[in-house]
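Since the structure comes first, as structure tokens, the remarks are kept for the end.
The values are calculated or read from the model by the stated rules, or taken from the named source; none is laboratory data. Just so it is clear, the structure is predicted and the values come from calculations on it, not from any experiment. Cβ placement follows ideal geometry from the backbone for every residue including glycine, while neighbour counts extend to all protein chains displayed. When the accessible area is computed, the model is the full protein with side chains, heavy atoms only, and any ligands, DNA or RNA have been set aside. Shrake-Rupley method; radii C 1.70, N 1.55, O 1.52, S 1.80 Å.
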Amino acid sequence: MLIAPTVKAIVFTDWDGTVTLQDSNDFMTDNIGFGEKRRRELNIEVLQGRWTFRDAFRDMLDSVHKPFPECIEYLKENIQLDPGFADFYKWAKEAGIPVIVVSSGMKPIIHALLVKLVGQDAANNIEIVANDVKVNDDGSWDIVYRDESGFGHDKSRAIKPYAELPKEERPMLFYAGDGVSDLSAARETDLLFAKAGRDLITYCEREGLPYTVFHTYTDIHDKVKAIVNGEVTLESAIENENVEAL
């Protein structure tokens, strides 16, 4: 169901490595799965179009054999929140701006981390659009993808219904991400925030997609607040734009 079109803006955000400092799925793969070297190899294969994200991500998760409840506890002990996100969420809630997590991760993990890192209020108010998980009786588990796409979860589908609203009803749309799972959402936004030094910037540069670099959520907070308050325009907030490639 669409959020009421009376809102001025919506912030869609990736979760892993964007709201959090570490990617929980990468963290599990690197430390209790087949390791960082193979994971990075698969990321390159996805960026080059030789593997789908769906298949590479399943390979990663299949290498993790710890029971799912133990995985959640392991991540709660190790994953840290971006230092600017809590303040951003507080401001967004007070300003009436919805924050929607759009993730290729698994909803039970995101919810558990959201409760621990930000609090129950945030977990109650932030919508999570993500894959699910099937946990078997023996604790083993499998990801349940949200859709049939090569991404497993085509994030653009969460944004398009808002992007296609009539101009007079359409809110400003922001998206923040960092990696290969954000590729499908990169074009469906008014302003794309791409995390410094991560794979999403590589994709944006290759495809000529406009983006603005962020280092922490404080950067996003400052930019979104300034735009919503009318201090700067969306167009002027774009820092990297290759018009000829669009």
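Compare Val101, Val133 by solvent-accessible area with a 1.4 Å probe and give them largest first, with all protein chains kept in place.
Reading off the accessible areas and sorting them downward yields Val133, Val101.
Using just the helices of the chain, give the 222 nm mean residue ellipticity in deg cm²/dmol: DSSP H runs with n ≥ 4 each add -39,500 (n - 2.57), and the total is spread over all residues, rounded to 500.
Dividing the helical sum by the residues of the chain leaves -12000 deg cm²/dmol.
Keeping all protein chains in place, calculate the accessible area per residue for the chain (probe 1.4 angstrom), answer in Å².
46
How would Ser181, Ser236 line up by accessible area, probe 1.4 Å, largest first?
The most accessible residue leads, giving Ser236, Ser181.
For Glu45, put the label point 7 Å out on the Cα→Cβ axis and report which residues of region 121-158 keep their amide N under 16 Å from it.
Backbone N within reach: 150-152.
Given Cα positions, please report Rg to Rh for region 1-110, the hydrodynamic radius being the Kirkwood one.
Rg divided by Rh gives 1.04.
Pairs of lysines 8 or more apart, or on different chains, with alpha carbons under 20 Å: count those in region 95-246, would you?
The number of close lysine pairs in region 95-246 is 6.
Calculate how large, on average over all directions, the projected area of the Cα convex hull of region 182-246 is; give the answer in nm² to one decimal.
4.2
Along region 97-105, what does the Karplus equation 6.51 cos²θ - 1.76 cosθ + 1.60 (θ = phi - 60°) give for ³J(HN,Hα), rounded to whole Hz, x for Gly and Pro?
Rounded to whole hertz, the list is 9, x, 10, 10, 7, 10, 10, 8, x.
Order Glu45, Glu73 by their accessible area, 1.4 angstrom probe, all chains in place, largest first.
Glu73, Glu45
Taking the Cα atoms only, what angle lies between the long axis of helix 107-117 and the longest principal axis of the chain, rounded to 10 degrees?
With rounding to tens, the tilt is 70 degrees.
Calculate one ³J(HN,Hα) per residue across region 216-221 by plugging θ = phi - 60° into the Karplus curve 6.51 cos²θ - 1.76 cosθ + 1.60, and present them in order as whole Hz with x for glycine and proline.
3J(HN,Hα) across region 216-221, in whole Hz: 9, 5, 4, 4, 5, 3.
Show me, for region 170-181, the HN-Hα J-couplings you get by feeding each phi into the Karplus relation (A = 6.51, B = -1.76, C = 1.60, θ = phi - 60°), rounded to Hz, glycine and proline as x.
Couplings: 6, x, 5, 10, 10, 9, 10, x, 9, x, 5, 6 Hz.
Could you work out the Rg to Rh ratio of the chain, with Rh taken as the Kirkwood radius (inverse of the mean 1/r over all Cα pairs)?
Dividing the radius of gyration by the Kirkwood radius yields 0.95.
Given a Förster distance of 30 angstrom, what is the FRET efficiency for Val115 paired with Thr218, based on the Cβ-Cβ distance and rounded to 0.05?
About 0.85, to the nearest 0.05.
Amide H neighbours of Phe193 under 5 Å, counting only residues 5+ apart in sequence or on other chains, H built in-plane at 1.01 Å?
Here Tyr175, Ala176, Gly177, Thr212 satisfy the definition.
Out of all DSSP beta bridges with both ends in region 98-230, state the antiparallel percent to the nearest 5.
So the antiparallel bridges in region 98-230 amount to around 25 percent.
For Asn229 and Asp132, what is the calculated FRET efficiency with R₀ set at 45 Å and r taken between the beta-carbons, to the nearest 0.05?
Calculated value: 0.75.
What does the accessible area of Tyr145 come to, in Å² to the nearest 10, when a probe of 1.4 Å is used?
30
Report, to the nearest whole %, how much of the accessible area of the chain belongs to carbon and sulfur atoms, 1.4 Å probe, protein only.
For the chain, the apolar C and S fraction of the accessible surface comes to 47 percent.
Given 37 °C and 0.692 mPa s, compute D for region 128-246 with the Stokes-Einstein relation, Rh being the Kirkwood radius over Cα pairs; round to the nearest whole µm²/s.
Translational diffusion coefficient: 206 µm²/s.
How big is the C-alpha Rg of region 34-163 next to the rule-of-thumb value 2.2 N^0.38 Å, as a ratio?
Taking N as the residue count of region 34-163, the ratio is 1.15.
Compare the peptides 165-172, 106-113, 13-20, 77-84 by average per-residue count of other Cβ atoms within 10 angstrom and give them in order, highest first.
13-20, 106-113, 77-84, 165-172
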